[in-house]
1. Using alpha-carbon positions, what is the distance between the centroids of the stretch B:135-151 and the stretch B:346-416, in Å?
2. How many Å³ per residue does the convex hull of the Cα positions in the stretch B:291-510 occupy?
3. By the gyration tensor of its Cα atoms, with a ≥ b ≥ c the square roots of the eigenvalues, what is the shape of the stretch A:192-248: rounded for a/c under 1.5, prolate for a/b over b/c, or oblate?
4. Compute the Rg to Rh ratio over the stretch B:275-350 from the alpha carbon atoms, using the Kirkwood formula for Rh, and round to two decimal places.
5. Per residue and in cubic angstrom, what volume does the convex hull of the Cα atoms of the stretch B:50-184 have?
6. Might you report the magnitude of the Cβ-based charge dipole of the stretch B:291-510 about its Cα centre, with Lys and Arg at +1 and Asp and Glu at -1, to the nearest 20 debye?
7. Check each of the trypsin sites (Lys or Arg not before Pro) in the stretch B:333-406 and keep only those in coil by DSSP with at most 14 other C-beta atoms within 10 angstrom; list them in order.
8. Could you tell me the accessible area of residue B:146 in Å² (1.4 Å probe, neighbours in place), rounded to the nearest ten?
Amino acid sequence: MISYILRRLLVAIPTILVLIVLSFLMMHYAPGGPWSSERAFPQAVIDALNAKYGLDEPLWRQIASYTWNIVAHFDFGPSLYYKDRSVSDLIAQGFPVTLTYGFWSFAVAVAVGGSLGIAAAVWHNSWLDYLAVGISIGAQVLPNFVMAPILVLVFTLWLGWLPGGGWQGGAFPYVVMPVIALSTSFMASIARITRSSMLEVLNAGFIRTARAKGLPMRRIVLRHALKPALLPVISYLGPAFVGMITGSVVIDIYFSTGGIGQYFVNSALNRDYFVIMGVTILTGALTVLFNLVVDILYAWIDPKIRY
Amino acid sequence: MTLNTVLRLTAATLVLGPGLAFAAGPQEGETLAESQTFTYRLLDEVPTLDPQLNEDVSGSNVQRDLFEGLMNQDAEGNLVPGVATGYTTADGNRTYVFTLRDDAKWSNGDPVTAGDFVYAWRRAIDPATASPYAWFVEMTTMANASKILAGELPPEELGVEAVDDQTLKVTLEESIPYFAAMTTTSTLFPAHRATIEEFGSEWTRPGNMVSNGAYVLSEHVPNEYHTRTKNPEYWDAENVHITEVTGLVINDVNQALTRYLAGELDMIEPLPAGQFPELKERYPDQATSVPRLCTYYYSFNMTDSANPALQDVRVRRAMSYAIDRDVIVNAVLKGGQSPAYIFTPPFTASFEPPATAYEDMTQKERDAEAVRLMEEAGYGKDSPLTLRLIYNTSENHQKIATVMAQMWKQKLGVSVEMQNFEWKTFLEIRKNQEFDVARGAWCGDYNEASTFLQLMVSDNSQNDGRFANDEVDALMLETKTMDDPNPNYAQVEAILEQEVPVIPVYHYANVFMLNPAIKGWPYGNVENNWYSKDFYKLAE
């Protein structure tokens with residue numbers, strides 16, 4: 001197992017290097033650049049800016065020195081748009097925010113979605129099943145960019161219960177609406193996947209045996225069915241967890257949370273090269289990491305899987 | 001009244017002393033609210049709080065509070081004393097000598113001296129600083145600015161000198177009658193050398209920053225909010241009423257409106273597209289529209305890369321005439337914008353807007369003339385013209401482009417291939433003249449007509465259609481040495497009407513909601529430059 005983990009981590013290094021080179025190239029060849037603006041700057045200004053940020057170097061050298069600075073100094077470069085900030089600054093400030101609302105959204109989505117899915121499968125074709133399916137379809141088709149403004153309209157303007165946005169270090173009232181808006185569609189997917197895989201397991205031979213032995217349903221579900229039914233859910237949860245903790249541009253835009261989700265879109269629009277790279281590498285590294293975690297969980301849940 | 005007389009009058013009022021400039025403030029009978037706070041919406045995080053690096057309108061609003069330049073603007077946009085109590089000019093507006101007040105202080109108690117301006121201005125033009133706004137210093141024609149920016153001379157050679165702590169002498173290469181007005185731009189604000197040298201690029205963090213404005217930066221969480229609190233060291237602190245200003249970053253315009261209506265903010269701008277009339281009806285004392293010093297226009301590509309039909313002035317004029325600007329302003333935008341028939345906004349300071357022939361025609365007459373011109377040029381419904389129109393992706397731009405294309409199609413039979421691009425891609429395409437007609441907009445860098453009309457000079461980098469006219473070039477060159485440049489501006493506008501290199505569509509309005517308890521808003525300042533120190537909040 002240990003050697004497997006080590007092997008996987010070693011493979012991650014070239015994966016991330018390829019990610020860096022590809023992203024850097026795509027970014028570089030996108031039309032426009034960090035200095036294009038409504039006002040066309042004089043060439044001398046553009047030259048000075050390029051010189052300051054090393055963009056006057058040949059492309060291969062830019063990529064090499066960028067990578068070297070990460071490896072040697074853990075320095076992800078300056079932001080070209082937020083001129084008095086570095087990429088590390090921006091991520092250090094924004095990542096705890098998305099980590100917080102992402103983690104809670106994940107917890108809510110798993111708890112609610114999982115329970116709904118299990119209940120729907122156990123009481124298959126009952127009113128509970130239809131209700132659970134109805135809720136999950138409803139949550140799936142209501143995108144968060146529709147839900148976010150409705151939440152603010154209801155809870156801020158009409159009821160006056162919650163602040164309409166902001167973060168304030170993650171104080172409870174500021175976290176509620178982002179978590180609701182972010183978790184619902186994930187919750188819906190988890191409910192659907194749990195339900196169908198649970199149904200499949202409940203029809204399996206070993207469950208029939210357990211029933212024939214006269215075990216109570218509660219025990220069958222929790223002791224025998226749950227673990228195998230979770231396998232497909234877990235393979236969904238790995239990438240979903242990364243998606244949630246790296247934030248959502250919709251949440252950041254609608255709730256002014258100050259997380260890093262917005263950088264995925266804004267840094268590309270601003271051609272803020274090093275921020276694009278920073279969030280790409282962060283997401284890439286987390287994806288590699290959590291795919292590994294998922295594989296380890298697999299081995300733990302399913303004794304048939306051995307590495 | 002010419003610009004020079006305006007400035008002379010301004011200079012005269014400066015001599016009268018500061019009393020006149022601070023007449024605005026709580027009036028008799030007004031009761032101030034206990035908590036003097038002002039909270040407003042920021043569309044995006046301010047890219048930088050460093051005045052010399054700033055290139056952004058929202059950043060300028062913050063920096064005008066945190067820092068103070070030589071001159072400020074009042075509620076009408078007129079120049080009033082800032083750190084300088086006044087100035088004299090010599091050598092035909094090529095030399096400016098500013099006298100600094102002796103009680104101006106930095107937030108750490110240090111005196112603000114002429115040397116702080118010299119340091120800041122050299123810093124702004126120094127290629128090592130790489131300020132995107134270095135061009136602004138170059139535009140003032142301060143001596144040697146271009147050579148310093150190109151790396152040919154050291155920054156110490158810049159034409160600005162501290163004669164003594166209270167006297168700043170500026171030497172320009174050209175006659176710039178509006179130079180004093182340019183000192184209200186953040187690029188030319190002073191900087192505290194010791195702080196910048198100590199903290200490097202982190203000098204703009206709360207706790208590190210030393211500033212000389214009416215406010216100091218007390219809190220800053222990027223992409224969430226920042227707070228500026230009253231600076232007790234500010235020389236005029238006793239007349240500053242608002243004690244705390246908060247900028248909340250709210251990207252989404254509808255979300256901003258909801259939160260304003262929930263009472264979380266005192267001011268939001270702009271308003272969601274098209275909602276102004278309804279908001280005005282429901283909140284007549286809050287929804288406001290004031291003119292803004294910008295023009296929205298479409299450029300014709302005048303180069304070989306365009307459809308050759310556009311070389312024919314009759315085609316260009318027909319297309320301009322066929323645009324019903326009233327429809328765009330009243331049915332699409334609905335925010336108090338004004339239809340544009342000339343390039344320079346008519347409300348630009350000391351500008352005498354020339355009359356145009358087509359402005360006085362009815363739309364029906366314009367349409368008839370457009371059809372006639374188009375037929376004369378050999379195009380019509382039988383031999384249609386196909387043009388490529390580009391704009392950057394945005395709901396409003398799309399609406400306007402669609403309406404314009406429809407008008408051209410219906411009235412002139414012109415088929416328009418509409419293409420929209422993400423902003424930076426759009427800029428690249430427009431810069432390379434890969435279009436027939438392209439959306440454009442320009443906001444004045446300063447309140448004087450040349451900031452607009454310079455765009456029509458053949459070598460101007462903003463001249464997207466590459467319109468080239470020797471007469472325009474000569475007339476604009478001549479304005480620099482004229483006491484009253486208005487006759488030349490009128491002539492340039494007349495040439496634009498004759499040649500139609502651009503279609504002026506509308507002049508902007510700034511549309512916003514303001515808490516009626518906030519007083520002192522500069523409604524008459526067409527650059528929409530506001531200073532929180534001039535506000536006060538009435539008790540509800």
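1. 40 Å
2. On the way: hull volume 25.1 nm³, N = 220.
Looking at the stretch B:291-510, the number lands at 114 Å³ per residue.
3. Values: a/c = 4.06, a/b = 3.06, b/c = 1.33.
It comes out prolate by the Cα gyration axes.
4. Details: Rg = 16.8 Å, Rh = 15.1 Å.
My calculation of the ratio gives 1.11.
5. On the way: hull volume 14.7 nm³, N = 135.
Output value, Cα hull per residue: 109 Å³.
6. On the way: 20 positive and 32 negative charges, 195 e Å.
Rounded to the nearest 20 debye, it is 940 debye.
7. Details: sites: B:334, B:364, B:366, B:372, B:381, B:388, B:399; in loops: B:334, B:381.
The qualifying sites are B:381.
8. Accessible surface of residue B:146 is approximately 60 Å².
The values are calculated or read from the model by the stated rules, or taken from the named source; none is laboratory data. It should be emphasised that the depicted structure is a prediction, and the values quoted were computed from it without experimental measurement. Cβ atoms come from the backbone with ideal geometry, glycine included; neighbour counts cover every protein chain shown. Surface accessibility is based on the protein's heavy atoms, side chains included, excluding ligands, DNA and RNA. Shrake-Rupley method; radii C 1.70, N 1.55, O 1.52, S 1.80 Å.
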